[in-house]
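K.L.:
Structure incoming, see below.
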Amino acid sequence: MPEVISAVYEGDGMVHLSQEPEGVKPQDRLTLLVIPVAARKELSTETVGLDGLRRQIQAFEARYSLKTSEFYTRFLHGELGDERDFIVWAGLHDLLQRMTGYSQQPGVGD
């Protein structure tokens, strides 16, 4: 099951996790979403649970007056550029989909 774990990047591709991930054995392959806490404190481990992800996505929808489904399609087609907010928004959307197993989030991005 996906989980949020604090980590420290040690350089040379090495990441030190603050705890052991559940159900993961040494040498298992993982997919990581890297969110620099210093750059985006609102995306700390305390706020990135499922509810936190949904709140962050809803905040982007309100800020840009755009539903996530429309944003994501336009972003993937290169219509919106590579502004930092858009990259974060797309990453949050991807993470929420992976964590919930849904291709579309009810109430977010409809």
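K.L.:
Can you tell me, using C-alpha contacts under 8 Å and at least 6 residues apart, the relative contact order of segment 7-100 as a whole percent?
P.N.:
20
K.L.:
Can you pull the percent of Cα pairs in segment 7-100 with separation above 23 Å?
P.N.:
Looking at segment 7-100, the distances longer than 23 Å represent 33 percent of pairs.
K.L.:
How do TYR9, TYR72 rank when sorted from fewest to most other Cβ atoms within 10 Å of their own Cβ?
P.N.:
Ordered by Cβ neighbours within 10 Å, fewest first: TYR9, TYR72.
K.L.:
Provide the packing ranking of 76-86, 55-65, 25-35, i.e. peptides ordered by the mean count of other C-beta atoms within 10 Å per residue, highest first.
P.N.:
Ranked by mean Cβ neighbours within 10 Å, highest first: 55-65, 76-86, 25-35.
Taken together, the values in this text are just the output of simple stated rules run on the coordinates, not laboratory data. Not measured: the values here are computed from a predicted model. For neighbour counting, all protein chains shown are included, and Cβ atoms are generated from backbone atoms with ideal geometry for every residue, glycine included.
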